[in-house]
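The values are calculated or read from the model by the stated rules, or taken from the named source; none is laboratory data. What you are looking at is a predicted structure, and each value in this text was computed from that prediction instead of being measured. Reconstructed Cβ throughout: ideal geometry from the backbone, glycine too, with neighbour counts over all protein chains shown. The protein model used for the area step is the full one, side chains on, heavy atoms only, and it has no ligands, DNA or RNA in it. Shrake-Rupley method; radii C 1.70, N 1.55, O 1.52, S 1.80 Å.
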Amino acid sequence: MVQDAERRTGRDETEDERADRMWVELMQEIRVAQMGVQILFGFLLTVVFTPKYADLGDTEKTIYLVTVVLGATATGALIGPVSLHRLVSGRRIKPRAVQWAARLTFVGLVLLLATTGASLLLILRVATHDPYVPWLVGAVVTWYLVCWFLLPLWIRRRYTTE
């Protein structure tokens with residue numbers, strides 16, 4: 001009997017209670033990601049106003065522009081769930097809102113990964129023109145992929161049946 005209780009998964013909660021709990025958990029997760037993307041995006045916006053920007057080559061300026069656009073889209077995706085909640089609050093669709101907010105958050109994390117990788121590429125290209133820069137950036141992006149996506153997916157697959 002104890003084994004059955006230990007094996008039992010899930011919680012005894014209604015769909016609405018589950019949505020409420022998942023919403024609170026998602027908002028806590030988003031707060032962490034929002035802080036990172038907002039700080040990074042804020043710094044990116046200031047680069048164009050520095051004297052060094054005029055000295056950048058065409059390739060670096062292109063990387064910068066792509067990075068700023070990625071940062072803007074990441075910011076939008078990670079702030080989107082807050083707006084979503086505000087606009088649908090009280091409409092009795094929280095379970096669906098949680099699903100869409102989770103999707104926006106995932107897209108935001110992918111865009112944050114791209115923004116971070118592009119920022120690192122730009123910084124290292126400006127700091128050094130060594131040929132190892134793309135390899136170093138690739139290694140860092142791979143590390144992020146492992147930490148943010150592969151490890152959680154492996155844990156999910158290893159320890160759940162869903």
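For Thr142, project a label point 7 Å along Cα to C-beta. Then give me every residue of the stretch 102-120 with its amide nitrogen under 15 Å of that point. It comes to no residues whatsoever. Just one of [x] 16.3; [y] 15.7; [z] 18.4 is Kirkwood radius over Cα pairs in Å calculated from these coordinates, so which is it? The listed entry that was calculated here is [z].
If only the Cβ of Lys and Arg carry +1 and only the Cβ of Asp and Glu carry -1, the dipole of the stretch 1-128 around its Cα centre is close to 280 debye. Rolling a 1.4 Å probe over the protein chains gives Val32 an accessible area of about 110 Å².
Once you keep just the Cα pairs under 8 angstrom separated by 6 or more residues, what percentage relative contact order results for the stretch 38-122? Intermediate results must be reported in sequence, preceding the final value.
Details: 63 pairs, mean separation 34.5, N = 85.
Result for the stretch 38-122 is 41 percent.
Site pair Val88 and Asp12 shows an inter-label distance of 3.0 nm when each label is modelled 7 Å from Cα along Cα→Cβ.
Only protein heavy atoms count here; under a 1.4 Å probe, Glu15 has an accessible surface of about 110 Å². Across the options Pro81, Leu109, Cys147, the greatest Cα extent toward the positive end of the charge dipole of the stretch 35-162 (unit charges at beta carbon of Lys, Arg, Asp, Glu) belongs to Pro81.
Separation of the stretch 54-68 and the stretch 109-161 by C-alpha centroid, Å? Spelled out, the Cα-based centre of one part sits 20 Å from the other.
Using a simple spin-label model with pseudo-atoms 7 Å out from Cα toward Cβ, Phe43 and Ala72 lie 2.1 nm apart.
Could you report the stretch 34-134's accessible area per residue, 1.4 Å probe, as an integer in Å²? Mind showing how you got there, number by number?
Values: 5910 Å² over 101 residues.
Per residue, the stretch 34-134 has an accessible area of 59 Å².
For the chain, give the percent of accessible area contributed by carbon and sulfur heavy atoms, probe 1.4 Å, rounded to a whole number. Accessible surface attributable to carbon and sulfur in the chain totals 63 percent.
Taking 0.36 nm per residue of sequence separation and subtracting the Cα-Cα distance, how much length would be gained by fully extending the chain between Tyr53 and Arg158, in nm to one decimal? Before the final figure, lay out each step's value.
On the way: separation 105, 0.36 × 105 = 37.80 nm, distance 4.78 nm.
Full extension of this stretch gives 33.0 nm more.
Overall, the stretch 70-146 carries a charge dipole of about 680 debye about its Cα centre when +1 sits on the Cβ of Lys and Arg and -1 on the Cβ of Asp and Glu, all other atoms neutral.
What is the chain's relative contact order, in percent, from Cα pairs under 8 angstrom and six or more apart in sequence?
In percent, rounded to a whole number, it is 24.
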